[in-house]
Amino acid sequence: MAGTDEDAVAAADDALYVLTAVLLTPAKFPSVLGDDYPEACAALGLAPLADGYGLVLGQDGGGARWTVVIDDVSLVAVAIASWDCGMEYDLSPDERTVVAALPGWPLAVAVAAPGVPAPHDPDPETADGPPLTPPDTSTWGSAQRRLGADEIALQWAMWREQIDDAAFPSPNGGSTPGDQSVAGKVSDQEAANRDASDRDASENKATGDDVSGHEGPGGNTAGDEAAGNQAAGNQASGGTEKEPRKGHNGIRRVLAEARAYVDSPPPLGRVRSSFASGEARMLRADGPGWSLVARTDDIAFVLLDDKPGEVLPVGRGPQLPGLLEALDKMAVRPS
């Protein structure tokens, strides 16, 4: 995030004090806006160009919120990388790169430009259309589900360390990892900080096709970091036999739909591959009502619209490795 940089760009015949910027490309886009790149573009009224866009969010001299869309993706990428490293960067796009100046912000921004009025929507007379507003993440839904998946991808190690492979039982009741799932919860920060020893060990046990409740690790489910989005998770609780079975069936549906992507490619950006430690890749796949996050050398996590706040781990098993490898081959990757 740029913090409160006061770099100005020409937009809508006024100076724009840049607060932050994000990429909108097939390989990297604010997932809170949609399950895929075309859907995210549609949320802003933009055509899904192959090279994508850069979104510059800021305020004009009167404090009004504006989102300036530019086609110089490299410029925005360099700015974001510099800010992430704690370096200053003068993000001043050339007027010729400006595609549109949209009123409002499509993402929540937690900072404001100094020396100007508080952020507010532009005067309707100066705006071409209704102002953009961030998706509602106050209750569980598709936007919050995608934000939760974002957070798991960012904090993979923290989530992974909570999962014991023994929680994925074999059909004969053993403790061999497999395509089983353990219901989890996207917990709030207080639950995150609880000592793991306080958890009931019985919640991590399962036999046959039954799975039991498992408390997920910490943190509100935060999505696009630059935009400061947060989605509140539910408190973890032990699952009943009925509830985990529903989650298990939901996982089977997700894996089946993900396999279908291999034969019939989905809209651009539904499957993305990014760098991970070692020789692995971090995979992200989304679909109607579901999100999947996985490392190609490890397990996967599934979130569902109809399972508010729950995070469902999927064991490695005999099927998952091949699926992840196939998805990685077809996934969009950062250039």
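Every residue in segment 271-283 that is surrounded by 24 or more Cβ atoms within 10 Å (Cβ to Cβ) and either under 16 Å from Leu320 (Cβ atoms) or more than 12 Å from the chain's Cα centre (by Cα) (or both), please.
Val271, Leu283
Looking only at segment 37-59, which residues are at negative phi, touching a strand residue (DSSP E or B) at 6+ places or on another chain (Cβ under 6 Å) and either free of Cβ contacts under 8 Å to residues at least 40 places away in the same chain or surrounded by fewer than 23 Cβ atoms within 10 Å (Cβ to Cβ) (or both)?
Gly54
Keeping to segment 63-88, report how many residues are part of a loop (DSSP other than H, G, I, E, B), free of Cβ contacts under 8 Å to residues at least 60 places away in the same chain and more than 30 Å from Ser138 (Cα to Cα).
5
Checking Val99 against (1) surrounded by 15 or more Cβ atoms within 10 Å (Cβ to Cβ); (2) free of Cβ contacts under 8 Å to residues at least 60 places away in the same chain; (3) outside the structural domain of Asp35 (by TED's automatic domain parsing), which single condition isn't satisfied?
(3)
Residues checked against (1) assigned by TED's automatic domain parsing to the domain that holds Lys307; (2) over 24 Å from Ser31 (Cα atoms); (3) without any contact (Cβ under 8 Å) to a residue 12 or more places away in the chain; (4) not basic (Lys, Arg):
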residue	(1), (2), (3), (4)
Leu132	no, no, no, yes
Asp136	no, no, yes, yes
Gly148	yes, no, no, yes
Trp159	yes, no, no, yes
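Which one of the conditions (1) under 25 Å from Ala81 (Cα atoms); (2) surrounded by 19 or more Cβ atoms within 10 Å (Cβ to Cβ) does Phe301 fail to meet, given that it meets all the rest?
For Phe301, the failing item is (1).
Looking at segment 168-186, is at least one residue among the acidic types (Asp, Glu) and either modelled with pLDDT of 50 or more or part of a helix (DSSP H, G or I) (or both)?
No, there is no match, as no residue in segment 168-186 is among the acidic types (Asp, Glu) and either modelled with pLDDT of 50 or more or part of a helix (DSSP H, G or I) (or both).
Collect the residues in segment 265-305 that are modelled with pLDDT under 95 and of a type in the set (Asp, Glu), keeping them in residue-number order.
Glu279
The values are calculated or read from the model by the stated rules, or taken from the named source; none is laboratory data. Please read all numbers here as calculations on a predicted model, not as lab measurements. Methodologically, a virtual Cβ is constructed for each residue, glycine included, from the backbone with ideal geometry; neighbour enumeration extends over all protein chains shown.
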